[in-house]
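> Structure in structure tokens, see below.
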Amino acid sequence: MLKLKSELVSNVLKILLWALVFLQSLELASMLVYVSSYDAFMDNLYEIYGFILLLIRYLYIIVIVVYLIWIYRVHMDMQSRFPMFDRSPGMSLVFNMVPLFNLYGVPAVYIAIGNQFATHPQLRDKGRFIRALALPLLISFLVSYFLNQYIKLVDEVSDGTLLLSSIAQFGLYCIFLQLCLKISQGLEKTVVSSSAPIDDPNAEAVEG
């Protein structure tokens with residue numbers, strides 16, 4: 001049976017993203033307490049909140065490294081399973097890593113994967129779902145980035161701004177988790193007993 005090059009790193013990234021989403025949900029819950037009752041936050045959550053932020057910061061760095069390895073290997077699998085897929089693994093890193101260009105590049109990566117999945121009947125729904133997440137991904141990234149920059153620059157930040165920043169971060173991590181899940185599930189469906197590419201007319205049909 002063909003083994004996906006991204007399989008192991010996909011499993012690692014899923015675990016890390018689930019952990020990041022969980023920690024960010026705790027951060028968001030703490031921020032809701034902060035907004036609703038400053039005294040309760042300071043009395044019960046202040047120290048825990050600082051620890052949560054520290055964990056998120058370090059975990060985020062690890063996730064970025066693993067993500068870049070993952071997207072590279074996903075593109076290796078895409079080229080292996082879909083001969084018409086023309087985006088190279090190296091180019092996927094360029095699309096994700098080059099500042100400013102990645103505002104176009106990151107959504108474009110997922111649109112390309114979604115488009116390719118949509119060409120196969122049994123992956124069509126996943127392809128559409130992946131494509132549909134491209135715009136929310138960009139919006140949540142931009143909102144999160146600009147809010148974080150604003151918070152760093154000003155002396156006093158409103159409660160609403162802090163809460164909105166927390167919500168944007170949570171949404172961003174949830175979107176990346178969904179993309180990882182759908183792409184890994186889609187690639188797993190392409191793994192059949194034959195090594196023939198999925199869009200080869202002689203390939204065996206993939207069972208749902």
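Here, each number is a calculation from the coordinates, and none is a lab measurement. Just so it is clear, the model here is predicted, and its values are computed rather than measured. All Cβ positions, even for glycine, are placed from backbone atoms using ideal geometry, and neighbour counts span all protein chains on display.
> Can you list, bin by bin at 5 Å, the percent of alpha carbon pairs in region 61-193, starting at 0?
2, 10, 18, 22, 18, 12, 8, 5, 3, 2, 1, 0, 0
> Tell me the label-point distance for the pair LEU162, ASP125, using the 7 Å Cα-to-Cβ offset, in nm and rounded to one decimal.
4.2
> At a Förster radius of 35 Å, what calculated FRET efficiency corresponds to the Cβ-Cβ distance of ASN11 and ALA132, to the nearest 0.05?
For R0 = 35 Å, the calculated efficiency reads 0.90.
> Let me have the 222 nm mean residue ellipticity of the chain computed from DSSP H runs of 4+ only, each contributing -39500 (n - 2.57), with the sum over all residues rounded to the nearest 500.
-26500 deg cm²/dmol
> Taking a virtual spin label 7 Å from the Cα of VAL33 along the C-beta vector, which residues in region 156-173 bring their backbone nitrogen under 20 Å of it?
Backbone N within reach: 159-170.
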